[in-house]
Every structure is written in structure tokens, then in C-alpha cells.
């Protein structure tokens, strides 16, 4: 029988090590993991009394094609209502499309991220009784964007981009903070691309996806025989990134003992492989990102203060999507254009009623969730344009949020909807205390908005603002605004 107060995941995988990893991840969040070596064994479990306890299925080693589709159909014949997640080493968007069309609810890519797995399971369980586009897809549209290609005109977002663009030209460390899915990796890639190191690939490490006992080996490498199972020398990600940029995603998840070694590497420019005696000089530029507030983690004793200051030379704070709802229409169109470039997809437009529905939702998963919702809708759409009918769960939950949250009530007001649908974000006129902002502050926001809206084409910006180019550049200098704002 299942333990009390837990949910049950049926993992179909013949590798004991993978079962132990998933079991450990699940146990932290109250999931009991039941294993099956193959689909036939899983079907047997589902038909027995213990099968009634299963809340979700995770199928490993899935491959696209008739055989993969047949596996999903086998499971669906027994328990068609169960959320079914696919785990594979393939990262192609076309594989995600095949998995969804075969009947999967989500698509996870190895190496398995604990946060990603738990997020997908929780999302699937929360919506188990409803079919809808809110079940996330893990597919990523990986083409990097330059600063002038990043979509968003909200003043807070453009201000964050301006800081990031200035930092790109220097070698200083950058700390990017923002909620999950808000675009931290996109900003990090733009910083790297605009830097002198942009000709080399940026090396990415997801600190939250690495087991604590392996994180030092992943970052710094190890020598043969350094520990049980170290049969060969391993080059760490720091050495891989020599002369380039190392992006430490979810840096707040690093164990404290690893933080000490990371601080030393940043201070001295030297690393030492596990089990080795020699040190190696490296030239690495660090960009770190976290969905936590590291200053708060420092006060709790969960993150080293000296490392925080070493990483936080330049701070970039990415606002959540709910704080820039007026960016949703251009973002939706941009994401649909990128989705259309993927194998098996086609160009789709989106109607105003669909955009109004998207605007009214709070997007707890931010831009990533918006992309996933659009991706799912695009896969299932039979017409040439996405309409409100293609987002039934979004519309349903938006209606609820509208009743329960003042922010969503404002977003659904006709003024807010009209402003967003015309890509015209508003300018804040008042401070939080109710007093008017200064003309200088308002003027700076207007200029940032114009630069973002016209993608940095300064002649067009000056023309639309009704001023000369020389006057525009003088105002940029006076207000301390970058032309990347």
C-alpha cells in the first residue's frame, strides 16, 4: 500500500540508478515512486489493486515513431485519465510534437532537473481532471537572441535590459534574479553574445539539477581514481568555459561547501580538479541566475555573503510577465513566429480575442509558460489562427483570477486590454505613495519605451518623439539611458 499523505508516480525504467534518482527527487516533495522495468509490467501494476494508487506515469527511453506511439497507447488503454510524462535524451522540438500528438502530457529532457520534474508532476496533478493547454512542455526554442531582438517595451523590462547591455561589454560578473520562466537564460545569452567572448559558446550549468555529491566534479573536474566510479579523468565546466562565459543557472542551489571553492576560483582564477594536486589558471566570465532573492538567502545563512558580493557586481532584476501584461501581444506573435520555424509546425496568426484571454491570465510560469501554452495550442490548432477557443483552460482560470485578484481585474478592464492589444504600454505617473513622479523620470520611461518599441532605430525614435537625433542623444546622456534601453 502507498504511504500516507503522498502521491504515487509509476516510473517505467529498467535502470536501477535512474529509479533511485527519481525516487530521491520525488521523496523530497511527497511523491512515492513505484518502479516497472517495461510497459508490460506497468500495465500489470495498473490493473492490480496497487494500480489505483498511481497518480501519474513517467515513461523513460521513449522514442518517436510508431513503436513509441504504441507504447503510449498501451498505457492509455488501461488508465486513459492518468497524466503521462515522457523522459528522453532527445532535445528536438519535433520529438516534443510527436510525444504530444501520441498522447503525452509533458516532455522532459535528460539530464533530469529536480525542479522541472516536480513542476511538471504538480502541474499535471493540479489539472488532472481537466484537459487543457496549461500542462507545460519542456521544449525550448534554443536560437539565441541579441538585445535588439528581445521583445518587450515595458519600462521596468527595458531598464533591466539596459543594465544587462552595459554589463555585456565588461568582464564583470552579473547576477540575474527573476521568477522561473521569466527569461533569465535569454538575457544571459544576450549578454554573452554582445560581449567580446561572444564568438565562443556559452557554457551552461544548472546547479539545481546536479546531485550534491557530484557538483564539484561537474564544475571543476576530477582525476582518475579521485572517488569510487572515477575511472577516467573528467574536465570540468570551468575548463570548458576557459576564454568564454560560464552561466550558473539556479546558483542559489549550490551546497555551501561548493560555494567556498567557487569563491576561490573567482578570486584567484585558479581551479583544482578533485583528486589532483596541480592548479589550472582559467579565464572565465561568470553570469549567475536564480529564482530566489540571494540577499535573503544570505541573511538565512543559506548562501555565503562574500560569494554573493563577488557574483553581484552587476545586478539585473527581471520583472515577471504579470508585471508587464502589455508585452504579451508582441511576445505571443514573436513566439508563434519562432514556433513556426520548428519541424512539423506552420505559421499561425492570433486573434484579438485570444490575446485578450492571454492578457487576463496571471502567468505564474511567466514567459516559459506562455511559450508552452502557445506551443500546445499551435500543435492542436486546425485553422490558420489561434482564437480564444484554443485556450479553454486559460480562459477558465483567468475568469477565476479576475474575480479573486485585483491585478487581473485591472488587466481585463477595457482600457488595459485596448492598450495592450495595440502594443501601447502605459507609463506610470504616480509613486506608490500617490504623489506624481518627476518629469525627468517620466521622460526617461518614454524614451526607453520608444527605443524598445522601434528596436533601437534611433532615427525612427527621434522622429516619432518629434525631436532631432542630437537632442535625443543629449537626453540619453543627461538621463543616463543606454541606446540599448
With N set to the residue count of region 252-346, report its C-alpha Rg divided by 2.2 N^0.38 Å to two decimal places.
1.58
Would you give the gap between the C-alpha center of region 148-212 and the C-alpha center of region 287-366, rounded to a whole Å?
12
Cα pair count fraction exceeding 17 Å, expressed as % - region 170-317:
60
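Could you put 282, 467, 57 in order, starting from the residue whose Cβ has the fewest other Cβ atoms within 10 Å?
With the fewest neighbours first, 282, 467, 57 line up as 467, 282, 57.
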Fewest Cβ neighbours within 10 Å first, please rank 100, 458 accordingly.
458, 100
May I ask you to sort 439, 248 by Cβ crowding, counting other Cβ atoms within 10 Å and putting the fewest first?
439, 248
Normalised by the residues of region 167-273, what does the relative contact order come to in percent, with Cα pairs under 8 Å and at least six apart?
28
Label residue 473 and residue 313 with points 7 Å out from Cα along Cα→Cβ: what is the distance between them in nm?
2.9
Region 7-126: C-alpha pair distances exceeding 21 Å, %:
30
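Rule-based calculations on the coordinates, nothing more; no lab input. Remember, predicted model here, so these are calculated numbers, not experimental data. No Cβ is skipped: glycine too gets one built from the backbone with ideal geometry, and neighbour counts run over all protein chains shown.
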